[in-house]
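Asks: Dropping a structure here in structure tokens format, bear with me for questions.
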Amino acid sequence: MAASVREKQTVALKRMLNFNAPPLKNTAAEPVWKVLIYDRFGQDIISPLLSVKELRDMGITLHLLLHSDRDSIPDVPAIYFIMPTEENIDRICQDLRNQLYESYYLNFISAISRSKLEDIASAALAANAVSQVTKVFDQYLNFITLEDDMFILCHQNKELISYHAINRADIQDTEMESIMDTIVDSLFCFFVTLGAVPIIRCPRGNAAEMVAVKLDKKLRENLRDARNSLFTGDNMSAGQFSFQRPLFVLADRNVDMATPLHHTWTYQALIHDVLDFHLNRVMMEEGAGTEASLSGARPKKKSRKTYDLTAADKFWQKHKGSPFPEVAESVQEELDAYRAQEDEVKRLKSIMGLEGEDEGAISMLSDNTAKLTSAVSSLPELLEKKRLIDLHTNVATAVLDHIKSRKLDLYFEYEEKLMSKSTLDKSLLDIISDPDAGTPEDKMRLFLIYYISAQQAPSESDLEQYKKALLDAGCDLSPLNYIKQWKAFTKMAATPASYGNSGVKPMGLLSRVMNTGSQFVMEGVKNLVLKQHNLPVTRILDNLMEMKSHPETDDYRYFDPKMLRGSESSIPRNKNPFQEAIVFVVGGGNYIEYQNLADYAKSKQGKKVVYGCSELFSAAQFIKQLSQLGQK
């Protein structure tokens, strides 16, 4: 996989926007102007990958939602990028009847069924528009890539395949089937786009196994049908190392319930935990002006600002996995460097403009013109730099406010100790009953992690004491009810998921960042440095990727869709360690695991690891799902 999934998906989109022909190399030619019509699913897939400017460069003048009121533009071609759902199909038929556009290129995000195609055909006939429906394509792009090595299945309707949906007590078999089909459909699209047939491993007896069985069947059927297989010939040549197949590990969220609740300390995961961050976009409310105006006018409304954290942002790429204090320091350094550059430009301008026509200035001109030219030509670059510095200053400050007001450094350090079973310096009850430490939700997360990772569950009397303290702190106890059932059900108490000995070393109170010029007042926030340790999901991957024998993963099932049917035991197995792996968590994932896997892959030479999950939830969203499950 020389090209990352992100690049492959972007190439596929650009190809589609160019009427499904490879984009032309010579940029001199004017692009064909066209309209892009998408639904919410299409919007979510495109927005993390292509900016509005890039769309414009591809010749897209307008991009509209399918179900908005659209005016007729009779002389342009329209490219549709939508899911093949009933209402979308109806809307296309309506567009055909109203003759909105010159020609129609229909691209379905996921494969369209025969009967729906027939609906479109009959509508086109009735509207006398058959010749205008130029092409119909299945794009197999039904997943969202967020990073070079991270993808999620969907953002719209994600509650349909959430942890809550899969683990409901009253779920019907038919509902479970349809959830699994939805997940498998997206994963199938993922492998088509990747252009590789994986070797699938999964644990037994849970949702992950159901997904594996269905995915194996779907890949197998597609490979069988040699004429229409999506994995032959031209598609496969895209994968440079197509002789080495990737390993696909399916894990179930229930393997590790503590990590999604964990308070975290790295930049990207913190943003996701405390701010409103999805599809690589942060939504923030800018604080309203505090000083009341004299005339008694209403205070300014809070304005919402959105920031995109993209692959092009060098600072983000470098620091998204760094511990927060390090990020704060780096932002400050960038800011100082920028100011120095800005002052240099100002100094040159003043020299150029101020000294009148005297001899000295003339002689200096020749030397300075060159300097000024270079300064002016670096202006756009400077402005872009300034924009990124401002962005990270704002985002980091917002995160810092949360850390300080909720004492998140304390929670992080404490939970790391709980998870690594080291001794605590302050009793859990003290923190829960400390009114200044965090929100009720923070306290609940701390207690759940304690409950999940404890070797023996606390005695009834202790539990009552904890419950009382939690209630006094204003916590909702329904998540605990579910976790209790979950713990009894998994009977993992014998072998609790071990989190490695992940001690955190406090590095003294941030004296270094405290120099006077700094934007970030980090008094009292501990500078914690992480030790590398593997989370359960990473450990499972390591065992399977390196072919290690380990009781945890030895009875994982093995599927190879390329083999003709044989019983599982008789399939010849791949004995070599894998170079590339995709880990997928059924039931939702988080940035902590993603970061942990990325660090793991960095530490291994030449290994590539991609992380995927059915949805990406923050701890708050996960707690909400747990409490819904606990209320039943």
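The values are calculated or read from the model by the stated rules, or taken from the named source; none is laboratory data. Only a predicted model underlies this, so the values are computations on that prediction, with no experimental measurement involved. Every residue, glycine as well, gets a Cβ built from its backbone with ideal geometry; the counts of neighbours run over all protein chains shown. Quick note on the areas: whole protein, heavy atoms, side chains included, nothing else; ligands and nucleic acids left out. Shrake-Rupley method; radii C 1.70, N 1.55, O 1.52, S 1.80 Å.
Asks: Hey, any hits in the stretch 533-541 for a residue that's hydrophobic (A, V, I, L, M, F, W, C), at pLDDT below 90, under 28 Å from L215 (Cβ atoms) and surrounded by fewer than 22 Cβ atoms within 10 Å (Cβ to Cβ)?
Replies: no
Asks: Something else about it: With the condition kept exactly as written, say whether any residue in the stretch 201-218 is in a loop (DSSP other than H, G, I, E, B), under 25 Å from the mean Cα position of the chain (by Cα) and without any contact (Cβ under 8 Å) to a residue 40 or more places away in the chain.
Replies: Initially, the stretch 201-218 is screened for residues in a loop (DSSP other than H, G, I, E, B), giving 203-206.
In the following step, the residues that additionally are under 25 Å from the mean Cα position of the chain (by Cα) were identified as 203, 206.
This time we only want the ones that are without any contact (Cβ under 8 Å) to a residue 40 or more places away in the chain, so: none.
Among the residues of the stretch 201-218, not one is in a loop (DSSP other than H, G, I, E, B), under 25 Å from the mean Cα position of the chain (by Cα) and without any contact (Cβ under 8 Å) to a residue 40 or more places away in the chain, which makes the answer no.
Asks: Just to be sure, is A311 at pLDDT 70 or above and under 30 Å from E7 (Cα atoms)?
Replies: Details: at pLDDT 70 or above: yes; under 30 Å from E7 (Cα atoms): yes.
Judged against the criteria, A311 is a match.
Asks: Restricted to the stretch 105-115, and to residues that are under 32 Å from the mean Cα position of the chain (by Cα) and not aliphatic (A, V, I, L, M), which residue is farthest from Q9 (Cα to Cα)?
Replies: First pass over the stretch 105-115, keeping only residues under 32 Å from the mean Cα position of the chain (by Cα): 105-113.
Subsequent filtering for residues that are not aliphatic (A, V, I, L, M) retains 105, 107-108, 110, 113.
On the way: Y105: 19, N107: 14, F108: 14, S110: 14, S113: 23 Å.
That would be S113.
Asks: In addition: What helices (runs of 4 or more DSSP H) completely inside the stretch 1-113 contain at least 3 residues that are touching a residue at least 60 places away in the same chain (Cβ under 8 Å)?
Replies: Of the helices (runs of 4 or more DSSP H) lying wholly inside the stretch 1-113, those with at least 3 residues that are touching a residue at least 60 places away in the same chain (Cβ under 8 Å) span 5-17, 40-46.
Asks: Just to be sure, is L141 part of a loop (DSSP other than H, G, I, E, B) and surrounded by 15 or more Cβ atoms within 10 Å (Cβ to Cβ)?
Replies: Yes; evaluated as a whole, the condition is true for this residue.
Asks: Shifting gears a bit: Take the residues in the stretch 611-626 that are open to solvent by less than 10 Å² (accessible area, probe 1.4 Å) and not charged (D, E, K, R); name whichever of them is nearest to L535 (Cα to Cα).
Replies: Y611
Asks: Next question, about the same structure. Can you confirm whether G500 is among the small types (G, A, S), at pLDDT below 60, assigned to a loop (DSSP other than H, G, I, E, B) and outside the structural domain of V586 (by the TED database)?
Replies: Values: among the small types (G, A, S): yes; at pLDDT below 60: yes; assigned to a loop (DSSP other than H, G, I, E, B): yes; outside the structural domain of V586 (by the TED database): yes.
Judged against the criteria, G500 is a match.
Per-residue answers, yes or no, for (1) touching a Cys at 6+ places or on another chain (Cβ under 9 Å); (2) touching a residue at least 24 places away in the same chain (Cβ under 8 Å); (3) more than 18 Å from T266 (Cα to Cα):
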residue	(1), (2), (3)
V395	no, yes, no
H402	no, yes, no
D409	no, yes, no
E413	no, yes, no
M419	no, yes, no
D436	no, yes, yes
M444	yes, yes, yes
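Asks: I've got another one for you. With the condition kept exactly as written, say whether any residue in the stretch 40-58 is closer than 18 Å to Y104 by Cα, surrounded by 13 or more Cβ atoms within 10 Å (Cβ to Cβ) and more than 27 Å from the chain's Cα centre (by Cα).
Replies: No, every residue in the stretch 40-58 fails to be closer than 18 Å to Y104 by Cα, surrounded by 13 or more Cβ atoms within 10 Å (Cβ to Cβ) and more than 27 Å from the chain's Cα centre (by Cα).
Asks: Taking the conditions exactly as written (surrounded by 18 or more Cβ atoms within 10 Å (Cβ to Cβ), in contact (Cβ under 8 Å) with a residue 12 or more places away in the chain, within 21 Å of E326 (Cβ to Cβ) and not small (G, A, S)), does I389 satisfy them or not?
Replies: yes
Asks: Sticking with this one: Go through the stretch 153-194 and report how many residues are open to solvent by less than 10 Å² (accessible area, probe 1.4 Å) and of a type in the set (A, V, I, L, M).
Replies: Qualifying residue count, the stretch 153-194: 8.
Asks: Let me ask something additional. Would you tally the residues in the stretch 603-617 being of a type in the set (S, T, N, Q) and either in a helix (DSSP H, G or I) or closer than 17 Å to I161 by Cβ (or both)?
Replies: Qualifying residue count, the stretch 603-617: 2.
Asks: Let me ask you something else. Restricting the search to the stretch 114-134, which residues are of a type in the set (A, V, I, L, M) and either open to solvent by 70 Å² or more (accessible area, probe 1.4 Å) or part of a helix (DSSP H, G or I) (or both)?
Replies: Within the stretch 114-134, the subset of a type in the set (A, V, I, L, M) is 117, 120-121, 123-127, 129-130, 133.
Result: L117, I120, A121, A123, A124, L125, A126, V130.
Asks: Mind checking whether some residue in the stretch 171-190 is in a loop (DSSP other than H, G, I, E, B), in contact (Cβ under 8 Å) with a residue 40 or more places away in the chain and not assigned by the TED database to the domain that holds R97?
Replies: Scanning the stretch 171-190 turns up no residue that is in a loop (DSSP other than H, G, I, E, B), in contact (Cβ under 8 Å) with a residue 40 or more places away in the chain and not assigned by the TED database to the domain that holds R97.
Asks: Out of all the residues in the stretch 420-427, is one or more charged (D, E, K, R), assigned to a helix (DSSP H, G or I) and either in contact with a helix residue (DSSP H, G or I) (Cβ under 7 Å, 6 or more places away or on another chain) or modelled with pLDDT under 85 (or both)?
Replies: no
Asks: In the stretch 5-34, how many are modelled with pLDDT under 85, open to solvent by less than 60 Å² (accessible area, probe 1.4 Å) and either over 25 Å from S72 (Cα atoms) or among the acidic types (D, E) (or both)?
Replies: Number satisfying all stated conditions: 3.
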